1. Taking the Cβ of each residue in 16, 32 as the centre, tally the other Cβ atoms inside 10 Å and list the residues starting with the fewest.
2. Please give, to one decimal in nm, the separation of the simple spin-label points placed at residue 50 and residue 15, each 7 Å out from Cα toward the Cβ.
3. List every residue whose amide H lies under 5 Å from the amide H of residue 47, counting only residues 5 or more places away in sequence or on a different chain, with H placed 1.01 Å from N in the peptide plane.
4. Once you sort the root eigenvalues of the Cα gyration tensor of the range 6-55 as a ≥ b ≥ c, which label holds: rounded (a/c under 1.5), prolate (a/b larger than b/c) or oblate (the other case)?
Amino acid sequence: MSVLVKGIEVPKEGSWTTVRIYPDGTCAVPNWQGDCTLIKGAQAVPVPPHGDLIERKAAYDSILNGMMMTGYQSKALDCINEFYVPTIIPASEEGE
């Protein structure tokens, strides 16, 4: 099973963050003394087995509208394919 940590940003290039996740989903940052500071608004939640997680219709509509507005009407449908609609979270091994 996978875990989604909501309410936390990915560290910038060249840095990292250690996060402690407790059984209730609470997230904290430990310091060198072993104490922890809770991360306000952060919550770890289990992600059950799943297929690809994406709103393909919304992504398709957004891409199509953008292409239509920029004058690429004739190529819009030819250009929309899997390459332009990335998977937000890939299928889990259990849910493929």
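All of the numbers you see were taken from the coordinates with simple rules; none came from a lab. Since the model is a prediction, treat every value here as computed from it, not as a measurement. We place every Cβ from the backbone using ideal geometry, glycine too, and count neighbours over all the protein chains shown.
1. 32, 16
2. So the label points at residue 50 and residue 15 sit 2.8 nm apart.
3. Distant-sequence amide H within range of residue 47: 2, 3, 4.
4. Verdict is oblate for the range 6-55.
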